[in-house]
Amino acid sequence: MHIALMVDPGNNDGTPSATEPGIGFSNGMHGDFASATGTLSTATVTCDASGNASATRWTGTPYSMRC
């Protein structure tokens, strides 16, 4: 699976939607950018007490996220 972690700097994409043909947002994704891309074979996500998440078995650019 090819995957991208997207950033919405203006927080203006709107409501997310998912259909069989793909995913999208009610206001589109103008101005968004990918902060990480890669191929996901499997992943395990764990959260610490501060709400930080870490993923293992990620093939591609390392990334961080919040729970």
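The values are calculated or read from the model by the stated rules, or taken from the named source; none is laboratory data. Keep in mind that this is a model prediction, so the values were computed, not measured. Reconstructed Cβ throughout: ideal geometry from the backbone, glycine too, with neighbour counts over all protein chains shown.
If I go through the range 1-37 residue by residue, how many of them are in contact (Cβ under 8 Å) with a residue 12 or more places away in the chain and assigned to a strand (DSSP E or B)?
Within the range 1-37, residues that are in contact (Cβ under 8 Å) with a residue 12 or more places away in the chain and assigned to a strand (DSSP E or B) number 12.
If you scan the range 21-37, which residues turn out to be at pLDDT below 80 and within 13 Å of the chain's Cα centre (by Cα)?
Of everything in the range 21-37, just one residue is at pLDDT below 80 and within 13 Å of the chain's Cα centre (by Cα), namely ILE23.
Given the criterion in contact with a Lys or Arg (Cβ under 8 Å, 6 or more places away or on another chain) and at pLDDT 70 or above, identify the matching residue among ALA4, ALA53, ALA18.
Step by step, each of ALA4, ALA53, ALA18 is checked, and only ALA53 is in contact with a Lys or Arg (Cβ under 8 Å, 6 or more places away or on another chain) and at pLDDT 70 or above.
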